[in-house]
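Below is one structure, written out as structure tokens, with a few remarks after it.
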Amino acid sequence: MNAVRHSLIAALSAAVLPLAGCSGKPAAPAAPPVVSGLTVATAQLQQVPDTTDAVGTIRASESATLAAQMMGRVTAVAVKEGNTVHAGQVLVTLDGSQARAAAAGSAASITASEHQLQIAQSNAALAISTLRRYQILRERKSVSPQEFDEVSRRAQSAAAQVQAAQAQVAAAKAAATGTNTAVGYARIRAPFNGVVTAREVDPGAMATPGMPLLQVEKSGTLQLNATVDESQLQALQKGMAVGVKIASLSPQLLQGRVAEIDPAADPSSHSFLVKINLPAAPGLRSGMYGTAKVAHGRRSALLVPQMAVVTHGSLHSLWVLDANHIASLRYVTLGAAQDGEVEVLSGLSPGEQVVLSASDRELGGSRIEVQ
């Protein structure tokens, strides 16, 4: 019995030993999945403009604040914010009844003064005619010196009355010009073709001289009004090209051009106002924020194609290949983008390869067959 037991134990031991030896060998690693049909690019150091940002607001090249020039109640406002207007269009109407009454009085004064002038001129003509007859009579010694002097004085008085009447006519016409101008103040018109950007008054309000009624911006060229520190001013000159980024529109830079540099600095901030003309662009509107890229020479930057960037919310990453072309996701910090390339500030080294147009594909651990 014992012999049989020992034989079974020996047989089991012989069977277990080979299995134990097999369990100690490492398993062969699985081959990584292969992904083909993708292209890659190499991150390279390149010389790019060294720029400083100057932040500003988009404005029209010309704008106007339309204000009341007379006192009167607002009877009508024909426009609201965003409306397009044309030069000469009536935008706001005030109650001009007092001005019209004054203009009518001025017209009546002109008529009366002109009538008085006609009477004075008639009297003067009669006095001159009489004086001429008395001159003939004096030569014939048919009138006394006293009579001739009296007629001469009447002629001089008649001439003076004509001059006074002429002055009254001129004064009446000048007053009429003022009253007629006041009548025109009752209608506020658009100074140019443009867009209403602010409406400050409604019908029924009492307008006073100098009171703002509307804001109108001229149609046409838009400008970035940027504030530039005095240390950056030497890098700018009128007419030079400047890249402008409008973040709410596109990451691509607009090519603006310096139109005006304020000759005086703000005494509190020691900064200068620079106006940069912008090209027409879809969606570009007054009031938007923009950033001007003021160049100060050139510097080295690590660039990759923008199509290599994978964005997840506010995070940016790249699929980077190792020496065996195995892809791994790497989060990076990006800088400015231009001409289809973007600067990588951190997370990548020069010479590394990145996958292009990966979109939402999961490439982690995959070997990329480069086209």
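Readers should treat all values here as calculations from the given coordinates under stated rules, not as data from a laboratory. It should be emphasised that the depicted structure is a prediction, and the values quoted were computed from it without experimental measurement. Here the Cβ positions follow ideal geometry from the backbone for every residue, glycine too, while neighbour counts run over all protein chains shown.
Check the chain and count each lysine pair with an alpha-carbon distance under 19 angstrom, considering only pairs eight or more places apart or from different chains.
Value for the chain: 7.
Give me the compactness ratio for segment 30-84, meaning the Cα radius of gyration over 2.2 N^0.38 Å.
Relative to the 2.2 N^0.38 Å estimate, segment 30-84 comes out at 2.97.
Could you tell me which of GLY239, GLN306, TYR289 has its Cα farthest along the dipole of segment 220-371 towards the positive end, charges placed at Cβ (Lys, Arg +1; Asp, Glu -1), taken about the Cα centre?
So the residue furthest toward the plus end is GLY239.
Counting only residues 5 or more places away or on other chains, whose amide H sits under 5 Å from the amide H of LEU222 once H atoms are built in the peptide plane?
HN-HN under 5 Å from LEU222: LEU278.
Got a sec to turn the phi values of segment 185-202 into Karplus ³J(HN,Hα) couplings, 6.51 cos²θ - 1.76 cosθ + 1.60 with θ = phi - 60°, whole Hz, x for Gly and Pro?
5, 6, 10, 8, 10, 6, x, 7, 5, x, 10, 6, 9, 8, 10, 9, 9, 10
Which of the peptides 218-231, 193-206 is most tightly packed, and how do the rest follow, going by the mean number of other Cβ atoms within 10 Å of each residue?
In decreasing order of mean packing, 218-231, 193-206 become 218-231, 193-206.
Ranked from highest to lowest mean number of other Cβ atoms within 10 Å per residue, what is the order of the peptides 233-241, 345-353?
345-353, 233-241
I'd like the distance between the alpha-carbon centres of segment 282-329 and segment 202-262, rounded to an integer number of Å.
Using only Cα atoms to place each centre, the spacing works out to 27 Å.
For segment 98-185, what are Rg and Dmax over the alpha carbons, in angstrom?
Rg, Dmax (Cα atoms, Å): 19.4, 66.
So, with +1 on the Cβ of K and R and -1 on the Cβ of D and E, and no other charges, what is the size of the charge dipole of segment 98-185 about its Cα centre, to the nearest 20 debye?
Using Cβ point charges on Lys, Arg, Asp and Glu, segment 98-185 gives about 180 debye.
If you put +1 on each Lys and Arg Cβ and -1 on each Asp and Glu Cβ, how big is the dipole of the chain around its Cα centre, in Debye rounded to 20?
Here the size comes out at about 1200 debye.
Whole Å is fine, so just give me how far the alpha carbon centre of segment 63-130 lies from that of segment 339-363.
73 Å
So for each of 299-307, 167-175 I average, over its residues, the number of other beta carbons within 10 Å; can you give me the resulting order with the highest mean first?
Output ranking for 299-307, 167-175: 299-307, 167-175.
Across the Cα atoms of the chain, what radius of gyration and what greatest pairwise Cα-Cα distance (Dmax) are found, in Å?
46.0, 197
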